[in-house]
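Report on the structure given below.
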Amino acid sequence: MSTNSSAHVELPTDMELVLKVIPMPADCNASGDIFGGWVMAQVDLAGAVIPMQHAMGRVATVAVNEFVFKQPVRLGDILSFYASLTRVGRTSITVKVEVYAERFGTKGKYTKVTEASLTYVAIDEQGKPRPVPGLAA
Ligand SMILES: CC(=O)SCCNC(=O)CCNC(=O)[C@H](O)C(C)(C)COP(=O)(O)OP(=O)(O)OC[C@H]1O[C@@H](n2cnc3c(N)ncnc32)[C@H](O)[C@@H]1OP(=O)(O)O
């Protein structure tokens, strides 16, 4: 069954809002849409929030496990980044990040534009992996 992926959707209620940002003209690619690399950088920043809180300190991105650009991001969109923990290992923390665009002039209507999974590693002062707390049972 096909779905209309540009349709308006509800914002997630089981994820945390970790970042809101509006792209600027300097973030555009040659086609006038927002450059994918800019979106990836914002997702990396947004994805680090929950791991940093959980690890109570410094983390480094070790892997981008999945990254899907479902819809273009356009100039004037207000982007909301939602994240949730999906796995806690010995030193690593994996999160899911979903990005929703409130298109220019469409207040309160959201389109999912990007989804990603990233893994961060808690690191010590020497940049070496350090153990993180487990998930409460
Ligand atoms: C702040 C930033 O975002 S910096 C941006 C770019 N990131 C960086 O510069 C980080 C560069 N990488 C590094 O410094 C190192 O690889 C480190 C510190 C992240 C990890 O050091 P390593 O010696 O590779 O660690 P090690 O092999 O012990 O693995 C550590 C954890 O990462 C996990 N891991 C390693 N590689 C991967 C991978 N490709 N995918 C998913 N998880 C991975 C391991 O499974 C392990 O998790 P666990 O302890 O929960 O089981």
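A few notes on this one:
- Near-label residues of segment 58-79 by backbone N, under 17 Å of a point 7 Å along Cα→Cβ of E125: 58-59
- 3J(HN,Hα) from dihedral phi, segment 82-91, Karplus parametrisation 6.51/-1.76/1.60, rounded to Hz, x for glycine, proline: 10, 9, 8, 5, 10, 7, 10, x, 6, 10
- For the chain: relative contact order, % (alpha-carbon pairs under 8 angstrom, 6 or more apart): 30
- Taking θ as phi - 60° and the Karplus parameters 6.51, -1.76 and 1.60, the scalar couplings of segment 116-125 work out to 8, 10, 10, 10, 10, 10, 6, 10, 8, 5 Hz in sequence order, x denoting glycine and proline.
- Figure legend: label point modelled 7 angstrom from the Cα of M40 along Cα→Cβ; residues of segment 65-90 with amide N under 14 Å from it are 65-69.
- Inter-label distance, T106 to K20: 1.8 nm, where each label sits 7 Å from its Cα along the C-beta direction.
- Rounded to the nearest 20 debye, dipole of segment 16-122 from Cβ charges on Lys, Arg, Asp, Glu: 200
- 17 Å Cα-Cα reach of K70 towards lysines, excluding residues that sit fewer than 8 places from it in its own chain: K96, K109, K112
- With every protein chain in place, segment 16-122: carbon and sulfur % of accessible area (1.4 Å): 58
- Scattering curve values for the chain, log₁₀ I(q)/I(0), Debye with Cα scatterers, q = 0.22 Å⁻¹: -1.26
- Nearest-ten-degree value, helix 36-55 long axis tilted from longest Cα axis of the chain: 40
- Residue among I22, G37, A60 farthest towards the positive dipole end of segment 2-72, charges placed on Cβ: A60
- Relative packing of 52-59, 96-103, 114-121, which averages over residues the other C-beta atoms within 10 Å, highest first: 96-103, 114-121, 52-59
The values are calculated or read from the model by the stated rules, or taken from the named source; none is laboratory data. In this text, all values refer to a predicted model and were calculated from it rather than measured experimentally. Backbone-built Cβ (ideal geometry, glycine too); neighbour counts: all protein chains shown. Calculation scope for accessible area: heavy atoms of the full protein, side chains included, ligands and nucleic acids excluded. Shrake-Rupley method; radii C 1.70, N 1.55, O 1.52, S 1.80 Å.
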